[in-house]
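The values are calculated or read from the model by the stated rules, or taken from the named source; none is laboratory data. Just so it is clear, the structure is predicted and the values come from calculations on it, not from any experiment. When we count neighbours, we look across all protein chains shown, and the Cβ atoms used for this are built from the backbone with ideal geometry, even at glycine.
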Amino acid sequence: MFINTENKLIWKNGSFQKWDDTNVHILSHTLHYGTGVFEGVRAYDTLNGPAIFRLKEHTNRLFDAAKKINIEVPFELDEIIHAQCETLNKNQLNAGYIRPIIYLGNEGLGLRAKELSVNVAIAAWEWPSYMDPEAKKKGISIAKSSYIQYENPLHSGNKIIGTYFQNTMALHEAIDKGADEALMMDANGFISEGSGENIFIVKDFKLMTPTKDHCLNGITRQSVIQIAKDLNYDVIEKNLTFDDLISADEAFFTGTAVEITPISKVDDVKIGHDGAGEITKVLQNKFDEVISGKDLNYQSWLTYTK
Ligand code: PMP
């Protein structure tokens, strides 16, 4: 949980600074009102050296999110792509988590966020596993949240800082109930996602996942859909009810942090048999081959940093 910050450098607005020197001003608009965007990206130590998984897609999503809330990024997309590679290399990381963030300055503190300076920072650190590694085999428990995800559907699909308040509260609520993660529903009562993950269910050998209109269109979600289709599974994107989940043969979360993590229990109901389901295991194994560069068919998803 706590980051080893020794000798770490953070890229900020075009140059590297020591980890503890990259302070945000107390009056940053983003700190007060959540007016910023971020990404969560992961690098893997592959057969051919460190590689960032789907870097272009993550960076595109970052820029799209900024545009959506009228933040003009003072860098080109390619500069931020390059800066993420450099941040990894400068910190001598072969694998790790990369966190780009775009936030507003402190020139004024009205709600009006026009004409404020725009800052871009990128940190990277070792983060081997978000969940207990056993969770990948045994699965995790989730609890249906009372927090509604994306009550304003305009805010779905992007990593906008302010929207994450709901997610944190949902996660805390789930943990307080003794579960590992939250299951968030959308404003129409359909399943949306976890607090930081997309959800899939398997029923009669078919994969199903909520449509991208009511969840973050996760890069892992998109990758798993592609991989599953390439493996000849049917993948259906549709509205899913809580009952669909309860009666599923298998269920799993996807995300940059959790990769593919089985869901073994929802509230008090057990899903499938003990541990990861058969199709979940097939997808986990293929995903491991893809991120480690062993499956040459997905090489275009890896950006080698050296
Ligand atoms: N939903 C939410 C709310 C998230 O924060 C994340 C993590 N970025 C995901 C889904 C999974 O997205 P990705 O696969 O792009 O990490």
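What the table shows:
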quantity	calculated
Output for the stretch 35-83, where each listed residue is over 18 Å from the mean Cα position of the chain (by Cα), on the phi > 0 side of the Ramachandran plot and crowded, with 16+ Cβ neighbours inside 10 Å	none
Selection within the stretch 20-65 - part of a helix (DSSP H, G or I), modelled with pLDDT under 95 and within 26 Å of Y130 (Cβ to Cβ)	D20
Considering residues of the stretch 183-221 that are part of a helix (DSSP H, G or I) and near the ligand (Cβ under 8 Å from one of its atoms) only, the residue farthest from the chain's Cα centre (by Cα)	R221
Test set (1) touching a Ser or Thr at 6+ places or on another chain (Cβ under 7 Å); (2) in a strand (DSSP E or B); (3) more than 21 Å from F252 (Cα to Cα) - E107 fails condition number	(2)
Only listed residue being closer than 17 Å to I191 by Cα, in contact with a helix residue (DSSP H, G or I) (Cβ under 6 Å, 6 or more places away or on another chain) and not hydrophobic (A, V, I, L, M, F, W, C), chosen from T261, T254, T305	T254
Residue list for the stretch 222-268, restricted to those being assigned to a helix (DSSP H, G or I) and within 21 Å of the chain's Cα centre (by Cα)	Q222, S223, V224, I225, Q226, I227, A228
Tally, over the stretch 41-68, of residues that are farther than 16 Å from W125 by Cβ, away from the ligand (no atom under 16 Å from the Cβ) and in contact (Cβ under 8 Å) with a residue 12 or more places away in the chain	5
Some residue of the stretch 269-284 being more than 25 Å from D180 (Cβ to Cβ) and free of Cβ contacts under 8 Å to residues at least 24 places away in the same chain	no
Positions within the stretch 167-182 being within 15 Å of the ligand (Cβ to nearest atom) and either in contact with a His (Cβ under 6 Å, 6 or more places away or on another chain) or outside any helix (DSSP H, G or I) (or both), in sequence order	E181, A182
Residues that are under 30 Å from I10 (Cα atoms) and not in a loop (DSSP other than H, G, I, E, B), drawn from the stretch 115-155	V118, N119, V120, A121, I122, A123, A124, W125, H155
